[in-house]
Amino acid sequence: AFTIGVLAMQGAFREHEQMLQSLGCAAVQVRQPEQLDELDGLILPGGESTTIGKLMADFGLDTAIRERAAQGMPLWGTCAGLILLAQRIERSEQKRLGLMDITAVRNAFGRQVDSFEIGLAIPAIDAGGESAYPAVFIRAPYIAEAGPDVQILAQHEGKTVLARQGHLLASAFHPELTKDNRMHRYFLAMVAEQA
Ligand code: GLN
């Protein structure tokens with residue numbers, strides 16, 4: 001069984017933890033750099049990316065996560081976590097990990113509807129049609145530009161909302177807020193590939 005960390009600075013980390021446990025993983029709430037050593041993979045949850053980025057730097061976790069990522073540890077950023085993975089964030093100088101060759105646009109799906117759920121087609125997890133993935137968006141970002149090494153895995157209204165670059169995965173939606181565990185299983189398959 002894998003040990004998966006969930007960055008627990010702020011935001012939706014408990015729900016990720018429960019989903020991971022239901023899939024037989026050991027889940028660890030990560031607050032200190034030393035905890036990264038025992039992990040097979042790490043999830044960066046949704047929340048407020050400016051706050052999470054600042055706390056991550058205060059605790060020395062940014063440098064430590066970059067080091068583990070350079071060794072090949074899989075990372076999955078969801079919503080605010082997507083923003084933290086991005087090399088570029090439109091109109092923002094906020095702190096980030098800057099690992100994926102993507103440009104993130106924050107709060108990108110309009111102000112009138114802050115949160116919504118849609119059935120998303122994601123061929124990589126066999127989601128589509130009747131078996132579409134229930135994707136929950138909450139003041140979500142999207143990926144405006146992606147470099148040549150980035151695989152686009154799903155789009156909504158022509159905007160990229162799920163992408164992968166090797167052992168790095170970024171989703172604009174909140175996969176921990178549904179009972180559908182296919183996205184978590186996809187990430188665990190990435191972890192298995194590296195192990
Ligand atoms: N809008 C938030 C941000 O920019 C992200 C929202 C979320 O994670 N649900 O940090």
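The values are calculated or read from the model by the stated rules, or taken from the named source; none is laboratory data. Bear in mind the structure is a predicted one, so any value in this text is a computation, not a measurement. We place every Cβ from the backbone using ideal geometry, glycine too, and count neighbours over all the protein chains shown.
Numbers for the structure displayed
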| quantity | calculated |
| --- | --- |
| Qualifying residue in region 45-53 (condition: among the aliphatic types (A, V, I, L, M) and at pLDDT 95 or above) | yes |
| Matching residues in region 49-89 - criterion: being more than 12 Å from the ligand (Cβ to nearest atom) and of a type in the set (Lys, Arg) | Arg66, Arg68, Arg88 |
| Any hit, region 160-172, residues being free of Cβ contacts under 8 Å to residues at least 40 places away in the same chain, within 15 Å of the ligand (Cβ to nearest atom) and not charged (D, E, K, R) | no |
| Members of region 14-46 found to be surrounded by fewer than 22 Cβ atoms within 10 Å (Cβ to Cβ) and closer than 17 Å to Ala172 by Cα, listed by number | Glu15 |
| Selection from region 1-27 of residues that are in contact with a Leu (Cβ under 9 Å, 6 or more places away or on another chain), over 21 Å from Ala69 (Cβ atoms) and either among the basic types (Lys, Arg) or not in a loop (DSSP other than H, G, I, E, B) (or both) | Glu15 |
| Filter result (over 13 Å from Glu90 (Cβ atoms) and touching a helix residue (DSSP H, G or I) at 6+ places or on another chain (Cβ under 6 Å)) within region 137-153 | Leu153 |
| Among the residues listed as Ile83, Ile122, the single one being in contact with a helix residue (DSSP H, G or I) (Cβ under 6 Å, 6 or more places away or on another chain) and not small (Gly, Ala, Ser) | Ile83 |
| Residues located in region 90-122, provided they are within 11 Å of the ligand (Cβ to nearest atom), outside any loop (DSSP other than H, G, I, E, B) and without any contact (Cβ under 8 Å) to a residue 40 or more places away in the chain | Val105, Ser115 |
| Region 175-192, subset under 11 Å from Leu20 (Cβ atoms) and hydrophobic (A, V, I, L, M, F, W, C), residue surrounded by the fewest Cβ atoms within 10 Å (Cβ to Cβ) | Val191 |
| Selection status of Ile52, aliphatic (A, V, I, L, M), touching a strand residue (DSSP E or B) at 6+ places or on another chain (Cβ under 6 Å), farther than 22 Å from Ala189 by Cα and not in a strand (DSSP E or B) | no |
| Residue in region 53-70 that is crowded, with 17+ Cβ neighbours inside 10 Å and within 17 Å of Leu177 (Cβ to Cβ) present | no |
